[in-house]
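A.B. asks: Shown below is the structure under consideration.
The values are calculated or read from the model by the stated rules, or taken from the named source; none is laboratory data. Bear in mind the structure is a predicted one, so any value in this text is a computation, not a measurement. Cβ atoms come from the backbone with ideal geometry, glycine included; neighbour counts cover every protein chain shown.
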Amino acid sequence: MPGRPADVATRNRSAAPSGASPDAGSVTYRSGFACLVGRPNAGKSTLTNALVGTKVAITSGRPQTTRHAIRGIVHRADAQLVLVDTPGLHRPRTLLGQRLNDVVRATLSEVDVVGFCMPADEPLGRGDRFIAEELSRLPKRTPVVAILTKTDKVADPDRIGARLLEVSQLGEFTDIVPVSAVRAFQVDVVADVLVTRLPTGPALYPDGELTDEPEQVMVAELVREAALEGVRDELPHSLAVVVEEMVPREDRPEDRPLLDVRVNVFVERPSQKAIVIGAGGARLKDVGSRARTQIEALLGTPVYLDLHVKVAKDWQRDPRQLRRLGF
């Protein structure tokens, strides 16, 4: 499994002649990493999924849904674009928030181009200026593309024009692109712009591979996405999911396999546990049903999903528990 972006690029670029993919012939071939950054709920994960053409990152109307850097791979005849969807960069209030910011900053230092996502349906705010200031500290060789997301939520073209003008005054950008991932408006333009900023070099991942996320991480994310639907405002930040076990059911016929998946959902307080489980366990049953459908589609096999909700008191602020939960 590939490691850090810089490590992958160094190892694989030395394995083939610069400027050509195995099948590119005389066509200049580009490959590299693009980081999508923005404040929480700026549309980064939805855009990542639209660019890749399939779901590799969970999405939610709740901010700070993404908890780690997720790589989605865009395969083109002229390029391989590896997208790194990161947690929302923000002023942290907890140790978890600090560690999520560390993930973003580490990623920014290693990629070839940065896409700075800002939603068209919201005015620029302190969060956007905070990120713009962070990006201004990047080495000058790292290009930054401004991406105005969620244009489908703005009916008036003049408002979009005004927002684009605001964005242009926020920092120095190589390009500014309005986009709607939901309506597939200019998604191809975003891909083109990011690809032009990549160095020449061979493909970094095998053809057809869409993400390098381990299956257990993807399963945990799908459970968390299902658990986030319809919950109260304070709960999303307190939810953590860990896959404890994924094993084939023994003594099943070859034509009727079944995968046993045991998952723990952690919250910080007993009252939150009650919210996740719901009256008579109804909500947890619904979460399990929706997550199982997504997991079966991901893994291509029937799944028995065994969900348990546990309390890990104040885990967002506890270094020992953060390590236990994978942060």
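A.B. asks: Which of the numbered conditions does V247 fail, given that it passes all the others? Conditions: (1) part of a loop (DSSP other than H, G, I, E, B); (2) modelled with pLDDT of 90 or more; (3) out of contact with any Phe, Trp or Tyr (no Cβ under 8 Å at 6 or more places or on another chain).
C.D. replies: The one condition V247 does not meet is (1).
A.B. asks: Also, I was wondering about something else. Scan V177, V190, V145 and give me the residue that is in contact with a helix residue (DSSP H, G or I) (Cβ under 8 Å, 6 or more places away or on another chain), part of a helix (DSSP H, G or I), aliphatic (A, V, I, L, M) and at pLDDT 95 or above.
C.D. replies: V190
A.B. asks: For region 28-49, name all the residues that are touching a Phe, Trp or Tyr at 6+ places or on another chain (Cβ under 7 Å) and aliphatic (A, V, I, L, M).
C.D. replies: Scanning region 28-49 gives a single hit, V37.
A.B. asks: Give me a count of the residues in region 277-298 that are more than 26 Å from the chain's Cα centre (by Cα) and buried (at least 17 other Cβ atoms within 10 Å of the Cβ).
C.D. replies: Here the count works out to 1.
A.B. asks: Here's a follow-up. Going through region 299-327 one residue at a time, which ones are out of contact with any Asp or Glu (no Cβ under 6 Å at 6 or more places or on another chain), buried (at least 19 other Cβ atoms within 10 Å of the Cβ) and modelled with pLDDT of 90 or more?
C.D. replies: Correct list: L305, L307, V309.
A.B. asks: Kindly indicate whether any position in region 164-180 is in contact (Cβ under 8 Å) with a residue 24 or more places away in the chain and among the polar types (S, T, N, Q).
C.D. replies: Yes, the conditions are met somewhere in region 164-180.
A.B. asks: Residue under question is G115, and the condition is that it be in the same structural domain as P178 (by TED's automatic domain parsing) and more than 17 Å from L83 (Cβ to Cβ); does it hold?
C.D. replies: The answer is no for G115.
A.B. asks: Taking the residues in region 231-244 that are of a type in the set (A, V, I, L, M) and assigned to a loop (DSSP other than H, G, I, E, B) as candidates, determine which candidate is modelled with the highest pLDDT.
C.D. replies: Going through the qualifying residues, I end up with L239.
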